[in-house]
1. Would you tally the residues in the range 249-275 being touching a Gly at 6+ places or on another chain (Cβ under 7 Å) and not in a helix (DSSP H, G or I)?
2. Ile71 - would you say it is over 19 Å from the mean Cα position of the chain (by Cα), of a type outside the set (Asp, Glu) and surrounded by 15 or more Cβ atoms within 10 Å (Cβ to Cβ)?
3. Can you confirm whether Ser158 is of a type in the set (S, T, N, Q), surrounded by 10 or more Cβ atoms within 10 Å (Cβ to Cβ) and modelled with pLDDT of 80 or more?
4. For the range 38-55, how many residues meet the condition of being open to solvent by less than 10 Å² (accessible area, probe 1.4 Å) and more than 14 Å from Ile13 (Cβ to Cβ)?
5. Name the single residue, out of those in the range 181-219 being in a helix (DSSP H, G or I) and among the small types (Gly, Ala, Ser), that is nearest to Arg233 (Cα to Cα).
6. Being without any contact (Cβ under 8 Å) to a residue 60 or more places away in the chain and over 27 Å from Pro280 (Cα atoms) is true for just one of Glu173, Glu206. Which residue is that?
7. I'm trying to understand the selection: among the residues of the range 46-85, which are polar (S, T, N, Q) and touching a residue at least 12 places away in the same chain (Cβ under 8 Å)?
8. Pick from Ser276, Ser250: which is of a type in the set (Ser, Thr, Tyr) and surrounded by 14 or more Cβ atoms within 10 Å (Cβ to Cβ)?
Amino acid sequence: MREITDEVKKVIIGKDEVVDMVFAAILAQGHVLMEDVPGVGKTTLAVAFSKALGLETKRIQFTPDTVASDITGYTAFDRQAQGFTFHSGAAMTNILLADEISRTYPLPEPFAVIATQNPTGTVGTAALPVSQLDRFMIKLSMGYPDKAAMRSIMSDRSSSDPLVDVKAVCTAEKLIEMQKKAKAVFVDDSVYDYISDLCDATRHNENISLGVSPRGALALCRIAKAWACYKGREYVVPQDVRDFFAHVCSHRISLSAKGRLSGLAAESVLDEILKSVKCPENEEKRR
């Protein structure tokens, strides 16, 4: 598994944790929402993953003239074949760089969406409703590179494109097997209780008007298992849950009027919940 993220890190400099977490989401068969300013490498990250995994990728630029058939495809009468033929849309791929979409035809396996969102500009776009945000397993931010990473980025791109050097070190079949392995990771009852307590705390917090849904709790459990698998363990420990709590839940909660008036951010409220909910002992239990 590490050889996959190592290939991506040839291109995405200084953001190792982001790369690792995106792969964990893919391993958990989830979708990723990348919210950040333009030009920090969101698209490059998606392309690098598709190359390292040996998967097909397509990109949809969501402009006002985009219609459903561009995404899911359409069926039209073929006079030569004297029958109806399905013409696949951009979503018929392994990694889709786009916003979350509805679908009516079976998609290829594996399938993952890496969607990008710019928090600083809204012209021509609309905020995603909570029901769509809930479909993304995690929300991450790339952030600006530090000075050393910025220097490396400029140096690496002075004469060539590092994406050219990313090699396929996996196949769709191997990734599916890894996803099955992640799904089989053991979760102790104490960890199930911990996830339940954390999610329940979001539903009884005065700064939150909409807490984490059951889908969110399931997503937290799934990615904790994938993270444990990526770390080389066959069992989940509480820290796996803590590592992803904010990334899984920040886009799933809505702040109350009190929280907004206090100038709080979703991440800070979730951090307080992490501190207040008792964490089970870090016992490394196996099945």
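The values are calculated or read from the model by the stated rules, or taken from the named source; none is laboratory data. Everything quoted here is computed from the prediction, not taken from an experiment. Every residue, glycine among them, receives a Cβ derived from its backbone with ideal geometry; neighbour counts consider all protein chains shown. For accessibility, only protein heavy atoms count, side chains too; no ligands or nucleic acids. Shrake-Rupley method; radii C 1.70, N 1.55, O 1.52, S 1.80 Å.
1. Taking the range 249-275 and keeping what is touching a Gly at 6+ places or on another chain (Cβ under 7 Å), we get 249, 252-253, 269.
So of that shortlist, the ones also not in a helix (DSSP H, G or I) come out as 252-253.
Here the count works out to 2.
2. Values: over 19 Å from the mean Cα position of the chain (by Cα): yes; of a type outside the set (Asp, Glu): yes; surrounded by 15 or more Cβ atoms within 10 Å (Cβ to Cβ): yes.
For Ile71, the condition - over 19 Å from the mean Cα position of the chain (by Cα), of a type outside the set (Asp, Glu) and surrounded by 15 or more Cβ atoms within 10 Å (Cβ to Cβ) - is met.
3. Numbers: of a type in the set (S, T, N, Q): yes; surrounded by 10 or more Cβ atoms within 10 Å (Cβ to Cβ): no; modelled with pLDDT of 80 or more: yes.
So Ser158 does not fit the description; no.
4. If we filter the range 38-55 for residues that are open to solvent by less than 10 Å² (accessible area, probe 1.4 Å), which is where we start, we get 45-46, 48-50, 52-53.
In the following step, the residues that additionally are more than 14 Å from Ile13 (Cβ to Cβ) were identified as 46, 49-50, 52-53.
Selection size over the range 38-55: 5.
5. The first filter runs over the range 181-219 and keeps only residues in a helix (DSSP H, G or I), leaving 181-183, 189-202, 214-219.
From what is left, the residues that are among the small types (Gly, Ala, Ser) are 182, 190, 196, 201, 216-217, 219.
Details: Ala182: 10, Ser190: 17, Ser196: 22, Ala201: 28, Gly216: 23, Ala217: 21, Ala219: 19 Å.
Restricting to residues being in a helix (DSSP H, G or I) and among the small types (Gly, Ala, Ser), the top hit is Ala182.
6. On the way: Glu206 fails: over 27 Å from Pro280 (Cα atoms).
Step by step, each of Glu173, Glu206 is checked, and only Glu173 is without any contact (Cβ under 8 Å) to a residue 60 or more places away in the chain and over 27 Å from Pro280 (Cα atoms).
7. Start the filter on the range 46-85 by keeping residues that are polar (S, T, N, Q), which leaves 50, 57, 61, 63, 66, 69, 72, 75, 80, 82, 85.
If the condition is that a residue be polar (S, T, N, Q) and touching a residue at least 12 places away in the same chain (Cβ under 8 Å), then Ser50, Thr57, Thr63, Ser69, Thr72, Thr75 are the ones that fit.
8. Values: Ser276 fails: surrounded by 14 or more Cβ atoms within 10 Å (Cβ to Cβ).
From the options Ser276, Ser250, the qualifying one is Ser250.
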